[in-house]
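In what follows, a structure is listed as structure tokens, so that the remarks can point back to it.
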Amino acid sequence: MSEIKRFTRVEIQNRNSKQDAVFIINNEVYNVTSFLDDHPGGHEVLLNVAGKDASEDFDDVGHSTDAKEMMKKYIIGELVDEDKVELKKRTFNWEEHSKENANTSFVSSWKFPVLLGLLMTMLYTYLFG
Ligand code: HEM
């Protein structure tokens, strides 16, 4: 197996033309020069991010699993360790989620009856006080 080629962000910076379009997605380096005309989203969007880190833009579009499969063809290497960023965890965090839920249900479970009780008291005093 051949060694994975390592790039620095600076090396990629100027590779932003139609003749040489390279970008970074999730610390991996993609050469999409041959894909420019075939990209269903058009070549402009790819050229806009060429030379840069396109991770966020790629994610924002919500590309299909087909697209993610397709992109493997264009990998030419990855970033050197010093230039890598920590990738956001995509795994679902149950603990955090249940904590969030516990908070919201706590708020809605005590605020509403208390407020209702207060209103009833005020109404009672107003009518019969
Ligand atoms: C090698 C990398 C990429 C591959 C293989 C790829 C592939 C595709 C494919 C197959 C689609 C059709 C829809 C889908 O299946 O999700 C698509 C749509 C699109 N892509 Fe990409 N894409 C890549 C990178 C990017 C990047 C970096 C951007 C943004 C800067 C981008 C922006 C878009 C947009 C705007 C659409 C159109 C979405 C729509 O019409 O709803 N793509 N891409």
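The values are calculated or read from the model by the stated rules, or taken from the named source; none is laboratory data. Being a predicted model, the structure only gives us computed values, none of them experimental. Note that we place each Cβ from the backbone using ideal geometry, even for glycine, and neighbour counts take in every protein chain shown. Accessible surface is based on the protein model in full, side chains and every heavy atom, while ligands, DNA and RNA are left aside. Shrake-Rupley method; radii C 1.70, N 1.55, O 1.52, S 1.80 Å.
Assorted remarks:
- Modelled spin labels at ILE75 and ASP20, positioned 7 Å past Cα toward Cβ, are 2.3 nm from each other.
- Pairwise Cα inverse-distance average, inverted: Kirkwood Rh of segment 39-86 (Å): 12.2 Å
- The residues of segment 6-83 expose, per residue, 59 Å² of accessible area to a 1.4 Å probe.
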